[in-house]
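Report on the structure given below.
The values are calculated or read from the model by the stated rules, or taken from the named source; none is laboratory data. Keep in mind it's a predicted model, so treat the numbers as computed, not measured. So basically every Cβ, Gly included, is an ideal-geometry build from the backbone, and we count neighbours across all protein chains shown. We work out accessible area using only protein heavy atoms, side chains counted, and drop any ligands, DNA or RNA first. Shrake-Rupley method; radii C 1.70, N 1.55, O 1.52, S 1.80 Å.
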Amino acid sequence: MTGSPLAPLGQRLFRSAMALPLSDEVRVALFPGRMFAILCAEPVHWPRRALAMRAALPLLWIALLVSMMVTARVTLGIVLTAALCWSFVVLVQAMTGAVLIASAPGRRVTRRRALDLWFAAHLPYSLWLIVPAVWCVWTGDLAPGAVVLSAVVPLVWTVWIASGYCRTVLGTTRAGASLRLVVHQGCVWAIMIAYLLFAGGLAGVTGYLARQFGVTL
Amino acid sequence: MAWRMAASLLLVLGAGVGTATDTLPKRSATYAGGYRLLGADFHVHGFPGDGGLAAWSMRDEARRAGIDLFANTNHNQPLTGLFAQWVSGLSEGPLVIAGEEVTSAEYHLIAVGIHARVSSDQPAVRAIEAIHAQGGVAIAAHPVSSSRGWTDEAIAMLDGAEVAHPLIEQGERQRQELMAFYERGRRLNPNLAAIGSSDVHTTPTMARCRTLLFARDLSAGAVLDAIREGRTVAMDYQGRLYGPPALVGLAAQQRPVARTDAHPGYRRFSLGVGLLGGLGVLLLGRRREMGSGVI
């Protein structure tokens, strides 16, 4: 922010975010560069536990929202089952994160800590998931068009956070961060498309969207 | 960390109340016209695949929805359905029949009672033949005007057609299109079964539209026979019935139990508190001092 006329405002907001009882994930989402720098410098006493807790948080959140979306209720059984079923999402995140981390020899923390911090960037998608979940409970409908279009927001937000992660935690250059993010996004989308093709095939997906929008293919 | 701890407790409270008040209703047999009247949903998508719930959770949801059976019909693969069918054999509860939604650009076709994949890379007539060869039944899925693969020959071979489907909530045009297809089918095949399905993927709407079957008993064989012989009535989300007038009259007299919600207040409470708690766990944490540790 140095040199920018908005620098004092940014500094004030950052100080406020630090003083409020917020999770590190929120601070990372708002100030990725500065927050990752603080987290990199911070000692971690139980690194395995820290990583497990950080990865468990988005999984718990996904399970909670899936339970709400599909049954309009929250029970331990459904949440645990959903967590088991959808744990592959966290595994995919871990795998793509591990590849990203391995590609950066100049990283500033251990591999495990880097993966821990990688999981700190989940907030945009986690917040976005609330929209379809609450909408489903409220109306019984998914509104796929709105869901797909609104996904642009967490996508852009996450790329911005991940850019800060690459430069601060992995110690890459701006160009190196961009390259890694392009490759990472490519991998994530390839996995997602592969799952969609397994789940519905191209005809299933296009047919579903066509019916939702009343289009004749 | 006190904030996050409080949020965690809220989350546990929400899930605890939701669990304690989630009483699954018991089903009792209903009879009409000398048959057992069953509630069914023949178009349900499950996990893994394009549905949100695992097999055992889907069965619980079927009990809440007040149906006796459902067919797990994921797109172009029967594996999820076969797994769900196997799971259903392990304990008491709604009957699950394996199926597949044969999905091509030309048509969508529900195959119920199959054991191997039916390819979508063939005309509807061939796909229906393949389903029948496995002893299954073939049901036209949401056959609105955008489905171009329905020739008279294919329709005449169908065992059933979805006439009640959530699409009709989008407007009267969709309802008229489904009814027109059903009427056309009845002219070509007087035994064509009227089917009501939810096509549920990731919404809390299992059996929102449903099929009422006049079956000999609650078994896969009896259910498939009822469809083949057209002993069904479709029911839409507003309770409107579609099918042969005599059966509609019988079903109207002895309609099986619909979705039940024993404790709606507690359910909403647990949803609200659970969401609030989860959001708190996500957003709340410890205060920090600039440049040093925790305040």
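Rg then Dmax, both in Å and based on the Cα atoms of chain B: 22.0, 80.
Mean residue ellipticity at 222 nm, helices only, the protein assembly as shown: -17500 deg cm²/dmol; runs of at least 4 DSSP H residues each add -39,500 (n - 2.57), and the sum is divided by the number of residues. Ordered by solvent-accessible area of protein heavy atoms (1.4 Å probe), largest first, the residues B:Phe181, A:Phe88 come out as A:Phe88, B:Phe181. At each listed q (0.17, 0.21, 0.31 Å⁻¹), what is the log10 of I(q)/I(0) that the Debye formula gives for the stretch A:119-171 modelled as equal alpha-carbon point scatterers? Cα-only, vacuum Debye calculation for the stretch A:119-171: -0.58, -0.75, -1.14.
Rolling a 1.4 angstrom probe over the stretch B:27-262 with all protein chains present gives an accessible area of which 53% lies on carbon and sulfur atoms. With point charges of +1 on the Cβ of Lys and Arg and -1 on the Cβ of Asp and Glu, referenced to the Cα centre of the stretch B:27-262, which listed residue (B:Gly52, B:Ala234, B:Ala71) lies farthest in the positive direction of the dipole? Going by the Cα projections, it comes out as B:Ala234. Placing unit charges on each Cβ (+1 for Lys and Arg, -1 for Asp and Glu) gives chain B a dipole about its Cα centre, and among B:His43, B:Ala133, B:Gly93 the Cα reaching farthest toward its positive end belongs to B:Gly93. The label point for A:Leu84 and the one for B:Leu188, both projected 7 Å from the Cα toward the Cβ, are 4.4 nm apart.
The Cα-based radius of gyration and maximum Cα-Cα distance (Dmax) for the stretch B:94-149 are 10.9, 35 Å. Summing both sides, the accessible surface hidden between B and A at a 1.4 Å probe radius is close to 4900 Å². Amide hydrogen proximity for B:Phe42: with H placed 1.01 Å from N in the peptide plane, the residues at 5 or more positions away or on another chain lying under 5 Å are B:Ala71, B:Ser198, B:Thr211. Working note: Karplus 6.51/-1.76/1.60 with θ = phi - 60° gives the stretch B:265-271 the couplings x, 5, 4, 5, 4, 5, 5 Hz, where Gly and Pro are set to x. In the context of the full set of protein chains, chain B has a per residue accessible area of 39 Å² (1.4 Å probe). Working note: Debye formula, equal point scatterers on the alpha-carbon atoms of the protein assembly as shown, no solvent; log10 I(q)/I(0) at q = 0.13 Å⁻¹ is -1.17.
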